[in-house]
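Report on the following structure.
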Amino acid sequence: MTNALQILVDADACPVKDEIYRVAFRTRTPVKIVANAFMRTPDDPLVERVLVSDGFDAADDWIAEAAGPAAIVITADILLADRCLKVGASVIAPNGRPFTADMIGSAIATRAIMADLRASVGSKGGGEIGGPAPFRKEDRSRFLQALDREIVRLQRALQER
């Protein structure tokens, strides 16, 4: 955990990496791209590639350990979001939706219900239960706005300390 503003990215399936780089370069905010496989990143000192083992939840564990009040975590993983919120990090989904302490409990419950429903339908040979909606242009725009807002908020909070 660090006291300097940083963006931590759960990068394996993140559709907004280019947007993160653009905002990071403009705001001079360091980014850590965390993945369990090699991933191309810009050749810039603001961007650090963190390669973790391919163990179950290795990237999530690394991010949760590095997160803190000065971190913005980018993830669609609800359980990782919960872990990061508990240590004071800000968490934004790639579609721009912020995860908050007020909503994370219901998001975890919904995730569990959907997992049970998928397992039940699958075991009966029925149809498939759909996953998340396809990623849209509006999601990308909402994400950029949310990331900008959160960086400004955290920069102000860190200056007031």
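Of the residues screened, Ala11 is not one that is among the small types (Gly, Ala, Ser) and either surrounded by fewer than 18 Cβ atoms within 10 Å (Cβ to Cβ) or over 15 Å from the mean Cα position of the chain (by Cα) (or both). For first residues located in the stretch 12-36 and on the phi > 0 side of the Ramachandran plot and of a type outside the set (Asp, Glu), partners that are at pLDDT 95 or above and part of a loop (DSSP other than H, G, I, E, B) and lie 6+ apart or on another chain with Cβ distances below 9 Å form the pairs Arg28/Leu46.
Within the stretch 27-48, track down each residue that is among the charged types (D, E, K, R) and either buried (at least 16 other Cβ atoms within 10 Å of the Cβ) or modelled with pLDDT under 95 (or both). Lys32, Arg40 - these are the residues of the stretch 27-48 that are among the charged types (D, E, K, R) and either buried (at least 16 other Cβ atoms within 10 Å of the Cβ) or modelled with pLDDT under 95 (or both). Selection over the stretch 27-62 of residues that are part of a loop (DSSP other than H, G, I, E, B), within 26 Å of Gln155 (Cα to Cα) and among the aromatic types (Phe, Trp, Tyr) gives a count of 0. For the residues Gly96, Gly88, the requirement of being closer than 23 Å to Arg153 by Cα, among the small types (Gly, Ala, Ser) and in contact (Cβ under 8 Å) with a residue 40 or more places away in the chain singles out Gly96.
Could you say whether any residue in the stretch 85-93 is more than 20 Å from Phe56 (Cβ to Cβ), assigned to a loop (DSSP other than H, G, I, E, B), modelled with pLDDT of 60 or more and of a type in the set (Val, Ile, Thr)? Yes, because at least one residue in the stretch 85-93 is more than 20 Å from Phe56 (Cβ to Cβ), assigned to a loop (DSSP other than H, G, I, E, B), modelled with pLDDT of 60 or more and of a type in the set (Val, Ile, Thr).
The values are calculated or read from the model by the stated rules, or taken from the named source; none is laboratory data. In this text the structure is predicted, and so the values were computed from the model without any measurement. Cβ coordinates were reconstructed from backbone atoms using ideal geometry, including for glycine residues, and neighbour counts include every protein chain displayed.
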